[in-house]
Amino acid sequence: MAKNNLQYISIGKIAGTHGLKGDVVLKHALGKKTTFKDLKAIFLKDKSGSFLPWFPEASKIKSDNETYLKLEGINTIEEAKNLAQKEVWLTEADFKKYASGSAPISLLGYTLVEGDKELGAVEEIIEQPHQVLCRLHIEQKEVFIPLHEETLIKVDAKNKKIFVELPEGLLDVYLT
């Protein structure tokens, strides 16, 4: 995800359009209501995988996890529809500014630890109704670790570590 030494973090997607003047609804996982005050740009990927900036002109809170955005150059519902379902990214610095510290997405980059063994860094957070899945790589293999009341021991925000107790055999499913 690096480009020009910038890291980009996916925060959600354009869920649809709002009104007739090109506003879009951004459904995000930042863990709090936000108008994205002072945000200079959001980023959408083009077909080649490059991050293209889009510049917010105005915004308004719709709900805890949705914000109406008016983007520069998008002035009709037809133009806005072209952005629907596209994933939205922020720079790492903007992500830290707008994400709630208690939102599951804020665990990106934390190291998962079981017992005295570091398993790896969280690369993606997938929120589900009764748990959060952390995607990481262990021994060059993609692994999904569930976080819920039975597996999560504690989160050490100061040292960016998540301590877990995994069900017996869970890692064997991925690593053997």
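Within region 9-55, track down each residue that is in contact with a helix residue (DSSP H, G or I) (Cβ under 7 Å, 6 or more places away or on another chain), among the hydroxyl-bearing types (S, T, Y) and either at pLDDT below 95 or under 19 Å from I105 (Cβ atoms) (or both). Across region 9-55, the qualifying residue is only T34.
Across region 24-58, which residue is surrounded by the most Cβ atoms within 10 Å (Cβ to Cβ) among those that are of a type in the set (F, W, Y) and without any contact (Cβ under 8 Å) to a residue 40 or more places away in the chain?
Restricting to residues being of a type in the set (F, W, Y) and without any contact (Cβ under 8 Å) to a residue 40 or more places away in the chain, the top hit is W54.
Every residue in region 76-119 that is in a loop (DSSP other than H, G, I, E, B) and under 20 Å from E165 (Cα atoms), please. Scanning region 76-119 gives L108, G109, Y110, G115, D116.
Scanning region 156-176 for residues that are surrounded by fewer than 16 Cβ atoms within 10 Å (Cβ to Cβ), within 23 Å of S10 (Cα to Cα) and of a type in the set (A, V, I, L, M, F, W, C) returns a single hit, A157.
Tell me yes or no: at least one residue of region 26-42 is among the charged types (D, E, K, R), assigned to a strand (DSSP E or B) and out of contact with any Cys (no Cβ under 9 Å at 6 or more places or on another chain).
Looking only at region 26-42, we keep the residues that are among the charged types (D, E, K, R), and these are 27, 32-33, 37-38, 40.
The next check asks that each one be assigned to a strand (DSSP E or B); those that pass are 27.
Checking the rest, the ones that are also out of contact with any Cys (no Cβ under 9 Å at 6 or more places or on another chain) come to 27.
Scanning region 26-42 turns up at least one residue that is among the charged types (D, E, K, R), assigned to a strand (DSSP E or B) and out of contact with any Cys (no Cβ under 9 Å at 6 or more places or on another chain).
Yes or no: P146 free of Cβ contacts under 8 Å to residues at least 24 places away in the same chain and in a loop (DSSP other than H, G, I, E, B)? No; evaluated as a whole, the condition is false for this residue.
The values are calculated or read from the model by the stated rules, or taken from the named source; none is laboratory data. None of the values given here were measured: they were computed from a predicted structure. Glycine also receives a Cβ, built like all others from the backbone with ideal geometry; neighbour counts cover every protein chain displayed.
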